[in-house]
Amino acid sequence: MKSIVVFNNKGGVGKTSLLCNIASYLKVKKNKRILVIDADPQCNATTYMFPYSDVEEIYKTENTIYKIIKPLQRGKGYLKSDLPIIKSPNFKVDVIPGDTQLSLAEDFLSKDWLDGKSGDYRGLQTTLLFKDLLEKLKDDYDYVFFDVGPSLGALNRSVLAASDFYIVPMSSDIFSLQALENISKSLIEWKKQLNRGLEEYMVKESEEFKINDSSISWNLQFAGYITQQYTAKTVNEIKRPVNAYEKIIKKIPSAIQKYLVANNSIKLKVIQLGEITNLNSLIPLSQSSSVPIFNLKSEHGVVGAHFNKVKEFDNTLMTITSNLTSNIN
């Protein structure tokens with residue numbers, strides 16, 4: 001099983017739409033066993049993949065990701081009951097739904113991180129709660145995707161510390177470029193601090209800190225980036241970004257190389273996984289129907305030239321998923 005975080009410190013880059021469509025494509029077209037974990041307090045992945053009536057029922061039962069955090073907050077350790085997993089009717093993937101209460105966990109995770117990096121058992125246990133979750137899931141799925149918010153806070157740190165890979169969606173603006181340096185600095189520092197905490201624990205307890213008898217280390221690797229949300233023009237039958245976007249896009253590869261690739265211990269076969277042009281009204285049609293973009297049909301409001309856009313996006317996802325699985329496998 002591989003765990004993947006779709007992450008960018010810059011908001012509004014189309015992260016959730018990208019993640020949900022990649023996950024669904026791998027399930028529907030590649031027959032992979034897929035789980036999406038909505039670890040974003042805004043719960044965008046949950047509201048995208050389920051009709052509104054289903055979302056209401058989910059929150060009545062409290063069968064959400066917060067069920068996993070609550071026992072730790074009460075000092076009872078990791079969740080021992082069944083995981084809150086449900087299936088998206090149209091995306092076809094399993095989902096651990098998000099919860100707005102996640103925002104309340106930031107202080108708790110932040111405080112225990114301070115203790116964890118000093119080798120404290122409770123601090124490490126809290127920090128590595130998603131590592132425990134992934135250990136519980138490792139025989140059930142091929143790929144687990146985390147959707148997270150656009151922050152460098154304690155919640156995202158815990159998700160990234162547990163995961164195998166992260167991919168970065170890049171919108172074509174200067175702020176996405178600036179975010180790369182923030183990501184790089186944070187990941188380098190978090191890795192040092194976690195490893196220091198694990199070493200301190202070894203010194204104090206004369207044994208490794210383990211979860212389900214598995215040794216723990218920071219294993220996160222960069223798996224590639226995707227350029228999206230730009231307007232294209234056709235020149236000599238080749239689609240190219242319009243000038244305003246092209247200037248920014250040309251700067252992306254060197255910034256990715258400098259801040260993300262240079263610190264990777266694995267050599268990527270493909271650094272840019274793919275690129276997505278402006279999808280116009282397909283995204284709101286997909287959101288209102290709770291249907292992945294590549295499966296949109298006339299009954300969802302697709303008309304005329306939009307059918308070609310749907311087919312084009314299907315081909316784009318084929319490229320992205322092929323490059324992604326090649327990199328991480």
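The values are calculated or read from the model by the stated rules, or taken from the named source; none is laboratory data. As the structure is a prediction and not an experimental result, all values here were calculated from the model. For neighbour counting, all protein chains shown are included, and Cβ atoms are generated from backbone atoms with ideal geometry for every residue, glycine included. Remember, those area values only see protein heavy atoms, side chains included, never the ligands or the DNA or RNA. Shrake-Rupley method; radii C 1.70, N 1.55, O 1.52, S 1.80 Å.
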| Those residues of the stretch 241-257 which are at pLDDT 85 or above and either under 16 Å from ASN8 (Cα atoms) or crowded, with 19+ Cβ neighbours inside 10 Å (or both), in sequence order | ILE252, PRO253, ALA255, ILE256, GLN257
| remark: Here the residues within the stretch 305-329 that are open to solvent by less than 60 Å² (accessible area, probe 1.4 Å) and small (Gly, Ala, Ser) are SER326
| request: Scan the stretch 68-92 and report the pairs whose first residue is more than 19 Å from LYS32 (Cβ to Cβ) and among the aromatic types (Phe, Trp, Tyr) and whose second residue is open to solvent by 60 Å² or more (accessible area, probe 1.4 Å) and assigned to a helix (DSSP H, G or I), with Cβ atoms within less than 9 Å and a gap of 6+ or a chain change. | output: TYR78/LYS136
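For the stretch 24-43, name all the residues that are among the polar types (S, T, N, Q) and either at pLDDT below 95 or buried (at least 23 other Cβ atoms within 10 Å of the Cβ) (or both). Reasoning before the result, please.
At the first step, the residues of the stretch 24-43 found to be among the polar types (S, T, N, Q) are 24, 31, 42.
Scanning the stretch 24-43 gives SER24, GLN42.
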| said: Take the residues in the stretch 250-284 that are under 11 Å from SER184 (Cβ atoms) and not polar (S, T, N, Q); name whichever of them is nearest to the chain's Cα centre (by Cα). | reply: LEU260
| said: I want to confirm something. Restricting to the stretch 261-270 and keeping residues that are in contact with a helix residue (DSSP H, G or I) (Cβ under 6 Å, 6 or more places away or on another chain) and either without any contact (Cβ under 8 Å) to a residue 40 or more places away in the chain or surrounded by 12 or more Cβ atoms within 10 Å (Cβ to Cβ) (or both), which single residue is farthest from ILE328 (Cα to Cα)? | reply: VAL270
| said: Could you check the stretch 114-124 and list, in sequence order, the residues that are open to solvent by 10 Å² or more (accessible area, probe 1.4 Å), of a type outside the set (Asp, Glu) and either farther than 17 Å from LEU160 by Cα or at pLDDT 95 or above (or both)? | reply: SER118, TYR121, ARG122
| request: Could you check SER176 against (1) touching a Lys or Arg at 6+ places or on another chain (Cβ under 6 Å); (2) assigned to a strand (DSSP E or B) and say which number it fails? | output: (2)
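Restrict the check to the stretch 186-197 and report whether at least one residue is open to solvent by 40 Å² or more (accessible area, probe 1.4 Å) and within 22 Å of THR46 (Cα to Cα). Can you show your working first?
Taking the stretch 186-197 and keeping what is open to solvent by 40 Å² or more (accessible area, probe 1.4 Å), we get 188-189, 191-192, 195-196.
Checking which are within 22 Å of THR46 (Cα to Cα) leaves us with none.
Taking every residue of the stretch 186-197 in turn, none turns out to be open to solvent by 40 Å² or more (accessible area, probe 1.4 Å) and within 22 Å of THR46 (Cα to Cα).
Condition test on ALA179, is it at pLDDT below 95, of a type in the set (Gly, Ala, Ser) and open to solvent by less than 50 Å² (accessible area, probe 1.4 Å)?
In short, yes.
Answer yes or no as to whether LYS10 is in contact with a Phe, Trp or Tyr (Cβ under 9 Å, 6 or more places away or on another chain) and either outside any helix (DSSP H, G or I) or small (Gly, Ala, Ser) (or both).
Details: in contact with a Phe, Trp or Tyr (Cβ under 9 Å, 6 or more places away or on another chain): yes; either outside any helix (DSSP H, G or I) or small (Gly, Ala, Ser) (or both): yes.
In short, yes.
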| field | Count of residues meeting criterion [outside any helix (DSSP H, G or I), in contact with a helix residue (DSSP H, G or I) (Cβ under 6 Å, 6 or more places away or on another chain) and more than 15 Å from LEU19 (Cβ to Cβ)] in the stretch 33-69 | value | 1
| If we keep just the residues of the stretch 143-167 that are part of a helix (DSSP H, G or I) and in contact with a Phe, Trp or Tyr (Cβ under 8 Å, 6 or more places away or on another chain), which is most open to solvent (accessible area, probe 1.4 Å)? | ARG157
| request: Return the total of residues in the stretch 93-105 being touching a Lys or Arg at 6+ places or on another chain (Cβ under 7 Å) and either in a loop (DSSP other than H, G, I, E, B) or without any contact (Cβ under 8 Å) to a residue 40 or more places away in the chain (or both). | output: 1
| request: Please list, ordered by first then second residue, the pairs with beta carbon atoms under 6 Å, 6 or more apart or interchain, first in the stretch 114-132 and at positive phi, second open to solvent by less than 10 Å² (accessible area, probe 1.4 Å) and basic (Lys, Arg). | output: none
